[in-house]
Amino acid sequence: MLRNGFLLTSPLPTTSLINMYSKCNSMTHALTLFNTSSSHHRNVFAYNAIVAGFIANGMSGPALEFYRGMQFSGVTPDKFTFPCVIKACSDVNECLEGRKVHGLVFKFGLEGDVFVGSALVHLYLRFGFIEEAYQVFDELPIRDVVLWNAMINGFAQTGQFGLALEVYKEMGEEGVTPNKFTVTGILSAISMMGDLNSGRAIHGFVVKMGYDSGVAVMNALVDMYGKCKCLRDALKIFEMIPEKDIFSWNSILCVHEQCGDHRGTLGLLDSMLHAGVKPDLVTVTTILPACAHLAALMHGREIHSYMIINGLEKDDGGSFDDVYVKNAVMDMYAKCGSMREAHLVFDKMSYKDVASWNIMIMGYGMHGFGSRALDMFSNMCEAELKPDEVTFVGVLSACSHVGLVSQGQKFLAQMDSLYGVVPTIEHYTCVIDMLGRAGQLEEAYELVSTMPIEASSVVWRAFLAACRLHGNAALAEVPAQQVLELEPEHCGNHVLMSNVYGAVGRYEEVSEVRLTMRQQNVRKDPGCSWIELGDGVHVFVAGDWRHPEDYLIYAGLNSLNAHLYEGGSMPSV
DNA sequence: GTAGGGTTAG
């Protein structure tokens, strides 16, 4: 129990008590003690302990303020003060303030202190000042493992992966043994480079040194194997971690998502919750794209609710994280087909970036609301946001889906001149698709032949699909041969060609194509659809009778077909 | 009596 009487009359040294309070996360008590102590007790030891206490409790801002008060009171800082103050500057992104402190370090003749030096290296590399970091590093008479780590991890975190590996090797040459902090940092750099050989070497070193008892080291290994596309090794390491923390779970979730195993990602979220680990911002930004891919609206909604309840979606003034995670929520709703909910999130965003607008444009276009997509585009330009390549993919595909042909052609023509975005193959594909859908096959062919980029098989497939739709086999034959030669194993090409022939009644050629497919062992993947009901996903494949309620499903389908016939609809073959 | 360095998403 903490009693004021005890606080005031304790015979224990002030500094020890301050440390005790700060370790108990009670900086209020520490401060009260400090403020009620005699000026004799408010010495450099006590000041240092309070500054360190604030930092240890995640309050680096107040730590800096307290340090300013220290300067004002005339107490001289010492070699214990500066490492803390410099760390506090890095914590609150006060690089300029840190530079000023560096000046004082010289004034007090502490530039040779390895503690001060490590903090300075950390500060400078955090803000990308490589020259300054090297200056500090080179001038130090003693280089201990912490200093080396500050260099290696500093480089690893600012994208200088090659430099990180270089310094790591240098460290070994100078005979300094890497510790757990070193290997976590270097593994992070190695995974970003996808350098599996170095990764395996470090893994060996980790085992040899017994560092595999540390959860951070193991997490870094999971991440490294994942980024090097060794899913099995990543999983093996993950399963070996006895006390998995939030990093372990987020890492393995990310590994699955990056491998395109969206179901696996969602399944792991369940296991994570079951293990009693609370999802954080990183977790949800990994899970939301999985929901978007699977069009798992219910799961997506649940995650969004979780975010609201747990304050992960609060508006913190348009920080990068804030905008990013809201874009992820919007994208999930848009891809799951709920533009209403996507728009609700969009409207509530106080800061929107280009991606926010792109998601809305793409979403409206994708779901057949072409004019809304174009409205969004003009609003975006009014809001003075510069459209990018993705914007125009959205705009052009919106035009394509609602048949706004001349509009689309105008956008393609103006992209470069008016908006400074050079059209890519994707943009041409959209316009060719658009012309093809509208039946302007000659014009589409003309564009494929005259565009400044070489046509890919994707472009030709868009053209072939249009030929099929409008029953023009003559125009399709030559490009079809090209595509078949380009990608003989792609079943879509064969199917398209056989469909083109089928559409014009050339059934002999249809069987020819089918025969070639059998001969070349090309198989068509069966079409597949799914629906989310309750907490389960029901998957359907054409001609599939494996569902427990298949008779009900087929009865429903038959009744739907009957309605379609009554309404005058004929299914296309 | 007090101090510096680590892992996950985009």
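The values are calculated or read from the model by the stated rules, or taken from the named source; none is laboratory data. The structure presented is a predicted model; accordingly, all values stated were derived computationally and were not measured. In this analysis, Cβ positions are derived from the backbone assuming ideal geometry, glycine residues included, and neighbour counts consider all displayed protein chains. Note: accessible area is taken over every heavy atom of the protein model, side chains too, but ligands, DNA and RNA are not part of it. Shrake-Rupley method; radii C 1.70, N 1.55, O 1.52, S 1.80 Å.
What to note about this one:
- The stretch A:56-69, residues that are within 13 Å of DNA strand B (Cβ to nearest atom) and free of Cβ contacts under 8 Å to residues at least 24 places away in the same chain: A:GLY58, A:TYR67
- Flag if A:GLU341 is within 16 Å of DNA strand B (Cβ to nearest atom) and either in contact (Cβ under 8 Å) with a residue 60 or more places away in the chain or within 23 Å of the chain's Cα centre (by Cα) (or both): no
- Test: residue in the stretch A:52-66 that is part of a helix (DSSP H, G or I), open to solvent by 50 Å² or more (accessible area, probe 1.4 Å) and more than 29 Å from A:MET151 (Cβ to Cβ): yes
- Candidates are the residues of the stretch A:337-349 that are open to solvent by less than 80 Å² (accessible area, probe 1.4 Å) and touching an Asp or Glu at 6+ places or on another chain (Cβ under 9 Å); the one that is farthest from A:ASP270 (Cα to Cα) is A:MET349.
- Residue among A:GLU477, A:GLU426, A:GLU442 that is more than 24 Å from A:LEU396 (Cα to Cα) and part of a helix (DSSP H, G or I): A:GLU477
- When A:GLU384 is tested against the conditions (1) modelled with pLDDT under 95; (2) in contact with a helix residue (DSSP H, G or I) (Cβ under 8 Å, 6 or more places away or on another chain), the lone failure is (2).
- Within the stretch A:492-505, being open to solvent by less than 30 Å² (accessible area, probe 1.4 Å) and either touching a helix residue (DSSP H, G or I) at 6+ places or on another chain (Cβ under 6 Å) or within 18 Å of A:HIS470 (Cβ to Cβ) (or both) holds for A:ASN493, A:HIS494, A:VAL495, A:LEU496, A:MET497, A:SER498, A:VAL500, A:TYR501, A:GLY502.
- Test: residue in the stretch A:166-173 that is under 29 Å from the mean Cα position of the chain (by Cα) and free of Cβ contacts under 8 Å to residues at least 12 places away in the same chain: yes
- Contacts under 6 angstrom Cβ, first residue in the stretch A:80-97 being part of a loop (DSSP other than H, G, I, E, B), partner modelled with pLDDT of 95 or more, 6 or more apart: A:PHE80/A:ASN48; A:VAL92/A:SER60; A:VAL92/A:GLY61
- The set of residues in the stretch A:104-123 being within 22 Å of A:PHE161 (Cβ to Cβ) and open to solvent by 30 Å² or more (accessible area, probe 1.4 Å) consists of A:HIS122 alone.
- Every residue from the stretch A:457-474 that is open to solvent by 10 Å² or more (accessible area, probe 1.4 Å), out of contact with any Asp or Glu (no Cβ under 9 Å at 6 or more places or on another chain) and in a helix (DSSP H, G or I): A:TRP460, A:ARG461, A:ARG468, A:LEU469, A:ALA474
- A:LEU231 being surrounded by 15 or more Cβ atoms within 10 Å (Cβ to Cβ), away from DNA strand B (no atom under 13 Å from the Cβ) and under 29 Å from A:TYR306 (Cα atoms): yes
- The listed residue being open to solvent by 70 Å² or more (accessible area, probe 1.4 Å), more than 28 Å from A:THR15 (Cβ to Cβ) and away from DNA strand B (no atom under 12 Å from the Cβ), out of A:ARG126, A:ARG99: A:ARG99
- Residue tally, condition surrounded by fewer than 21 Cβ atoms within 10 Å (Cβ to Cβ) and within 11 Å of DNA strand B (Cβ to nearest atom), over the stretch A:23-42: 5
- The sole residue among A:PHE45, A:PHE82 that is at pLDDT 95 or above, within 17 Å of A:GLY117 (Cα to Cα), near DNA strand B (Cβ under 8 Å from one of its atoms) and hydrophobic (A, V, I, L, M, F, W, C) is A:PHE82.
- Answer from A:GLU489, A:GLU508, A:GLU477 - the residue that is over 30 Å from A:GLU302 (Cβ atoms), surrounded by 12 or more Cβ atoms within 10 Å (Cβ to Cβ), out of contact with any Leu (no Cβ under 9 Å at 6 or more places or on another chain) and modelled with pLDDT of 75 or more: A:GLU477
- Among the criteria (1) near DNA strand B (Cβ under 8 Å from one of its atoms); (2) out of contact with any Asp or Glu (no Cβ under 9 Å at 6 or more places or on another chain); (3) among the hydrophobic types (A, V, I, L, M, F, W, C), the one A:PHE205 does not fulfil is (1).
- Yes/no for A:ALA49 being of a type outside the set (Val, Ile, Thr) and buried (at least 19 other Cβ atoms within 10 Å of the Cβ): yes
- Applying the condition of being in a loop (DSSP other than H, G, I, E, B) and within 10 Å of DNA strand B (Cβ to nearest atom) to the stretch A:136-157 and asking which residue is most open to solvent (accessible area, probe 1.4 Å) yields A:ILE142.
- Flag for A:PHE238 being in contact (Cβ under 8 Å) with a residue 24 or more places away in the chain, surrounded by fewer than 24 Cβ atoms within 10 Å (Cβ to Cβ) and in a helix (DSSP H, G or I): no
- Residues of the stretch A:356-384 satisfying the condition of being within 20 Å of A:GLY318 (Cα to Cα), of a type in the set (A, V, I, L, M, F, W, C) and surrounded by 17 or more Cβ atoms within 10 Å (Cβ to Cβ): A:TRP357, A:ILE359, A:MET360, A:MET380
The rows are residues; the columns are (1) more than 10 Å from DNA strand B (Cβ to nearest atom); (2) open to solvent by less than 20 Å² (accessible area, probe 1.4 Å); (3) of a type outside the set (Gly, Ala, Ser).
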| site | (1), (2), (3) |
| --- | --- |
| A:HIS274 | yes, no, yes |
| A:LYS278 | yes, no, yes |
| A:ALA290 | yes, yes, no |
| A:LEU294 | yes, no, yes |
| A:ILE308 | yes, no, yes |
| A:GLY318 | yes, no, no |
| A:LYS326 | no, yes, yes |
| A:VAL329 | yes, yes, yes |
